[in-house]
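Have a look at the structure below before the remarks.
The values are calculated or read from the model by the stated rules, or taken from the named source; none is laboratory data. Since the model is a prediction, treat every value here as computed from it, not as a measurement. Here Cβ is always computed from backbone atoms with ideal geometry, including for glycine, and neighbour counts include all displayed protein chains. These area figures cover heavy atoms from the full protein model, side chains too; ligands, DNA and RNA do not enter into them. Shrake-Rupley method; radii C 1.70, N 1.55, O 1.52, S 1.80 Å.
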There are 2 protein chains.
Amino acid sequence: MSSFAPRPIPVALIGLGGVGKAILSQLLSPPLNTRFNLILIANSRLSISLPLPGGQVTPTNYLPILEQHGTPLDIQSILSLLSPSETSGSGIFIDSTGSDIIPSIYPQILGMGIHVVTPNKKATSSALSLYNDIKSKTYPNAPTLFYGESTVGAGLPILSSLKDLVETGDEIQKIEGVFSGTLSYIFNEFSKVEGGDVKFSEVVKVAKDLGYTEPDPRDDLSGTDVARKLTILSRLVPTAPPLEEGYASVPTESLVPDVLSNASTKEEYLDRLAEGDEYFDKLREEAKREGKVVRYVGVIDLKEGKVECKLGKYPTDHAFATALKGSDNIISFTTKRYSPRPLIIQGAGAGADVTAMGVTSDLLKIHERLTTRL
Amino acid sequence: MSSFAPRPIPVALIGLGGVGKAILSQLLSPPLNTRFNLILIANSRLSISLPLPGGQVTPTNYLPILEQHGTPLDIQSILSLLSPSETSGSGIFIDSTGSDIIPSIYPQILGMGIHVVTPNKKATSSALSLYNDIKSKTYPNAPTLFYGESTVGAGLPILSSLKDLVETGDEIQKIEGVFSGTLSYIFNEFSKVEGGDVKFSEVVKVAKDLGYTEPDPRDDLSGTDVARKLTILSRLVPTAPPLEEGYASVPTESLVPDVLSNASTKEEYLDRLAEGDEYFDKLREEAKREGKVVRYVGVIDLKEGKVECKLGKYPTDHAFATALKGSDNIISFTTKRYSPRPLIIQGAGAGADVTAMGVTSDLLKIHERLTTRL
């Protein structure tokens with residue numbers, strides 16, 4: 001027994017943006033660097049095999065090395081490196097891109113016996129046919145593993161907790177939460193328990209300047225990101241509606257007011273942002289009269305059979321009013337067992353380090369599963 | 001691939017109190033009943049092998065069947081049923097007793113290649129030598145698995161989240177929480193954000209009548225249960241103090257006031273409970289003057305190198321003041337990545353169904369790890 005030493009698992013990391021870089025950094029540091037054998041890194045254009053003949057790749061030197069010695073990205077040759085062979089078990093493909101092309105070949109990758117870990121929401125929040133294709137090729141239908149913990153709530157244990165509830169036979173009644181760090185920040189500032197009269201347009205501009213929004217804030221304010229997360233969650237609940245078209249099947253309230261819907265460019269939209277203030281002022285005023293605050297939430301209500309993204313009003317002593325600060329996510333699960341008081345998970349739901357943590361904790365789960373032998 | 005079907009794992013369940021009964025109920029229902037093969041159940045005196053020759057055991061009929069057909073409990077013969085053999089892989093031993101004898105043989109059980117799952121806090125909160133003995137016989141030092149998720153926070157994902165943080169290379173700075181459902185209820189009622197003048201003795205009596213306390217409330221008010229949970233958590237943090245004697249090494253404030261420390265029986269203590277009211281009144285008054293409420297908390301402060309159970313005062317807008325209701329647990333993790341805003345997990349931290357869920361989710365993790373083969 002004393003000689004038991006789990007083998008390192010080969011991994012390839014595709015996508016080296018903010019999150020990819022943080023994954024790289026975690027993979028190259030203890031305790032992860034003894035459990036995984038990073039055999040390749042790639043961005044959208046170039047890839048390089050590791051270890052390097054002339055030295056080590058580090059979180060600070062990888063970019064010039066990739067630019068200087070990288071070869072054009074070729075997914076199929078990466079897959080052949082990860083395939084199970086006579087000499088080694090199967091490897092793990094980490095897709096840290098925002099691509100929607102790569103997720104479309106997950107079924108092929110998984111079919112080759114290669115495990116997939118990804119923070120990319122596209123695969124599990126798009127068409128049901130792709131989702132089912134992935135499911136049919138992975139555990140418990142096949143021995144290959146697919147994990148995407150960080151697609152909802154970054155490093156917060158949201159998907160794993162929901163899986164535990166479902167798999168142990170609990171009955172999900174309602175999942176409700178603030179799923180967007182950007183919209184959390186905006187409404188925490190705009191609609192406070194203690195009141196205030198800051199303009200919606202001002203808050204959006206500050207959020208943009210702080211780097212909390214996408215380059216075009218309409219990408220956050222459209223609610224699409226929240227709809228994708230709801231799709232991912234609801235597909236883990238056997239009694240939820242099927243959402244044939246994925247996030248596009250989720251009724252989603254847009255926060256781009258009608259008066260601004262004809263803005264043709266991001267610049268025009270930002271310039272004219274104050275035109276929407278009256279709409280949001282009225283909303284806040286209405287909530288205040290009811291002793292409530294306004295939050296942008298995602299709701300999966302299994303009794304009503306509804307999945308929707310919308311502006312909701314919450315009493316000033318509700319967790320979504322009192323507990324939320326900054327850009328935190330908060331998600332509550334009301335179930336047969338956790339009722340009337342829900343199970344609540346709260347914390348940073350975005351950011352490179354915590355998103356990478358969701359990815360590397362998935363990697364560790366695969367490592368443990370592949371190295372337990374009796 | 002389409003013929004992939006994970007094998008059911010043999011399990012034996014020892015301990016049929018409230019939690020054991022709920023585990024039994026979850027094990028006999030879908031989806032768990034297809035993944036596990038329950039080969040034996042036992043209470044502290046009797047055991048019975050399954051399946052029964054004359055029919056099925058159910059959550060309602062097991063007790064008379066056990067009384068009528070059970071044979072005297074013999075742990076060693078149970079272990080021989082779970083040992084890996086030519087025909088089957090190793091099984092899982094579920095210890096749902098409150099015994100401290102059974103945990104002392106966990107190293108022997110694990111050494112036989114039998115996995116252990118338990119809600120029993122004794123094994124991991126007692127002497128460091130036993131803890132180290134268990135560690136040396138389990139993953140990642142050996143391929144045998146040991147899980148005890150429900151020893152802290154019942155079904156809440158507390159231990160698994162802490163493991164994820166540590167294993168992905170985050171740096172734990174502080175863990176702070178309300179870890180006792182009983183003490184949560186007592187202080188949520190006694191010291192409210194909105195004030196109130198209910199007597200401490202009254203709240204304790206109501207808690208006792210509602211069945212929220214142990215038969216002798218001093219077993220909750222001693223703080224020992226919280227000290228055990230802190231021990232379990234701190235042993236997962238590499239930089240925490242070693243706690244040689246387990247929970248006994250944790251400085252623990254007792255809530256049995258000096259004036260009552262000479263009560264010799266539970267009855268005398270309950271009769272004289274009001275004698276302690278002045279002490280708690282003063283405490284609440286003091287907190288109120290500072291704009292705070294009183295909570296009984298466990299704190300692991302890695303900067304200060306301290307692990308302690310104590311009465312703490314928290315501002316009226318702190319999560320421990322506003323978010324807590326009923327007998328909920330709340331646990332916050334402040335780490336390098338989750339700072340300055342902690343990761344918070346909240347919900348029922350006691351109760352048969354949610355505690356059993358912690359156990360059965362551990363069972364599922366073992367099932368998944370043993371049935372992934374590539």
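All but one of (1) open to solvent by 20 Å² or more (accessible area, probe 1.4 Å); (2) of a type in the set (D, E, K, R); (3) more than 23 Å from B:Val198 (Cβ to Cβ); (4) at pLDDT below 95 hold for B:Asp317, so report the exception by its number. Of (1) open to solvent by 20 Å² or more (accessible area, probe 1.4 Å); (2) of a type in the set (D, E, K, R); (3) more than 23 Å from B:Val198 (Cβ to Cβ); (4) at pLDDT below 95, only one is false for B:Asp317: (3).
Looking across the range B:135-161, the residues that are in a helix (DSSP H, G or I), within 10 Å of another protein chain (Cβ to nearest Cβ) and polar (S, T, N, Q) come down to B:Ser136, B:Ser160, B:Ser161. In the set (1) under 23 Å from B:Ser88 (Cβ atoms); (2) within 14 Å of another protein chain (Cβ to nearest Cβ); (3) over 21 Å from the mean Cα position of the chain (by Cα), the condition left unmet by B:Pro59 is number (1).
Residue by residue, here is whether (1) charged (D, E, K, R); (2) modelled with pLDDT of 95 or more holds:
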{"residue": "A:Thr231", "(1), (2)": "no, yes"}
{"residue": "A:Leu260", "(1), (2)": "no, no"}
{"residue": "A:Leu270", "(1), (2)": "no, no"}
{"residue": "A:Leu273", "(1), (2)": "no, no"}
{"residue": "A:Gly276", "(1), (2)": "no, no"}
{"residue": "A:Glu286", "(1), (2)": "yes, yes"}
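Is there a residue in the range B:260-278 that is in contact with a strand residue (DSSP E or B) (Cβ under 8 Å, 6 or more places away or on another chain) and touching a residue at least 12 places away in the same chain (Cβ under 8 Å)? Explain how you work it out, then say what you get.
If we filter the range B:260-278 for residues that are in contact with a strand residue (DSSP E or B) (Cβ under 8 Å, 6 or more places away or on another chain), which is where we start, we get none.
Within the range B:260-278 (the criterion being in contact with a strand residue (DSSP E or B) (Cβ under 8 Å, 6 or more places away or on another chain) and touching a residue at least 12 places away in the same chain (Cβ under 8 Å)), the answer is no, since none of the residues qualifies.
Reported count of residues in the range B:54-110, each being hydrophobic (A, V, I, L, M, F, W, C) and either outside the structural domain of B:Gly17 (by the TED database) or open to solvent by 70 Å² or more (accessible area, probe 1.4 Å) (or both), is 3. Within the range A:81-107, residues that are within 11 Å of another protein chain (Cβ to nearest Cβ) reach partners that are open to solvent by 20 Å² or more (accessible area, probe 1.4 Å) and modelled with pLDDT under 90 with beta carbons closer than 7 Å, at six or more positions or on different chains, in the pairs A:Pro84/B:Leu374; A:Gly89/B:Leu374; A:Ser90/A:Pro84; A:Ser90/B:Leu374.
For the range A:260-268, the condition of being of a type in the set (Ser, Thr, Tyr) and in a helix (DSSP H, G or I) holds for none of the residues. In the range A:27-51, the qualifying residues are those that are open to solvent by 20 Å² or more (accessible area, probe 1.4 Å) and within 13 Å of chain B (Cβ to nearest Cβ), and the one that is nearest to A:Thr97 (Cα to Cα) is A:Leu28. Selection of the range A:357-374 for residues being facing another protein chain (nearest Cβ under 8 Å) and either in a loop (DSSP other than H, G, I, E, B) or among the aliphatic types (A, V, I, L, M) (or both) yields A:Met357, A:Leu364, A:Leu370, A:Thr372, A:Arg373, A:Leu374. With respect to B:Leu302, is the statement that it is farther than 23 Å from B:Phe187 by Cβ, open to solvent by less than 40 Å² (accessible area, probe 1.4 Å), more than 9 Å from chain A (Cβ to nearest Cβ) and at pLDDT 95 or above true? Here the answer is yes, as B:Leu302 does meet what is asked. Considering the range B:324-347, the residues that are assigned to a strand (DSSP E or B), more than 7 Å from chain A (Cβ to nearest Cβ) and not β-branched (Val, Ile, Thr) include one that is surrounded by the fewest Cβ atoms within 10 Å (Cβ to Cβ), namely B:Ser332.
When the residues of the range B:1-22 are filtered to those that are in a helix (DSSP H, G or I) and more than 10 Å from chain A (Cβ to nearest Cβ), the one that is surrounded by the fewest Cβ atoms within 10 Å (Cβ to Cβ) is B:Gly18. Within the range A:162-172, how many residues are part of a helix (DSSP H, G or I) and buried (at least 21 other Cβ atoms within 10 Å of the Cβ)? Result for the range A:162-172: 4. Contact map, the range B:31-57: residues that are under 15 Å from B:Thr360 (Cβ atoms) paired with residues that are in a strand (DSSP E or B) and of a type in the set (Ser, Thr, Tyr), Cβ distance under 8 Å, separation 6+ or inter-chain. Pairs shown: B:Ile41/B:Ser47.
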